[in-house]
Amino acid sequence: MDTKTIFMAFFIINILVSCAYPCLGQEDVDDKPLVNPGEFDTLDALSPASQEYNIYMLENLPPKYKTYLGTCADKMGPSGISECNEDVLREILTNKPVSRECCLMVVRAGKECYMEIRKFMFRLYQLKRFASQVFFKTNEVWNRCSAEVESPSSSHDHAI
């Protein structure tokens, strides 16, 4: 595989975010971030072995599942994929709220798509260590976004 293909595979994987397995989620988690905000930007550092892990995982996904995740990502729109995805991860891991605009993209995708994308993302090598800890927070982000989007008088807009 050439570098461009590897980059595209990683980019697609980053787009297709998801939450952890529901049986591992805990509702009594505190508000302490899983990652310090200053450390968030280092999460995407990949070794050749971790890149191979992600590529292998992506290549072995059932074609219907890949298509489903792609359809879900498309529902967020092109700016949702490139801008909002990382911000959602940042909120889940560091508690930094996403903007109302990003919440609109999340809600546009729908809860099932949002949750499945998060589930997929936390299978990535660089994020899988958080998989057992993010289900509740992933739901919390969905609930906050859907409540914010459903409230037209909400002027509660967070900076990205």
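The values are calculated or read from the model by the stated rules, or taken from the named source; none is laboratory data. Just so it is clear, the structure is predicted and the values come from calculations on it, not from any experiment. As a convention, Cβ positions derive from the backbone with ideal geometry for all residues, glycine included, and neighbour counts pool all protein chains shown.
Yes or no: THR138 under 22 Å from ASP31 (Cβ atoms) and touching a Phe, Trp or Tyr at 6+ places or on another chain (Cβ under 7 Å)? Explain how you work it out, then say what you get.
Working: under 22 Å from ASP31 (Cβ atoms): yes; touching a Phe, Trp or Tyr at 6+ places or on another chain (Cβ under 7 Å): no.
No, not satisfied.
If I filter region 54-104 down to residues being among the hydroxyl-bearing types (Ser, Thr, Tyr) and modelled with pLDDT under 90, which single residue comes out as surrounded by the most Cβ atoms within 10 Å (Cβ to Cβ)?
Of the residues in region 54-104, the ones among the hydroxyl-bearing types (Ser, Thr, Tyr) are 56, 65, 67-68, 71, 79, 82, 94, 99.
Subset that is modelled with pLDDT under 90: 79, 82.
On the way: SER79: 11, SER82: 13.
Among residues in region 54-104 that are among the hydroxyl-bearing types (Ser, Thr, Tyr) and modelled with pLDDT under 90, the one surrounded by the most Cβ atoms within 10 Å (Cβ to Cβ) is SER82.
Identify all residues within region 97-149 that are under 16 Å from ASP74 (Cβ atoms), more than 13 Å from the chain's Cα centre (by Cα) and of a type in the set (A, V, I, L, M, F, W, C); write none if there are none.
Matches in region 97-149: LEU104, VAL107.
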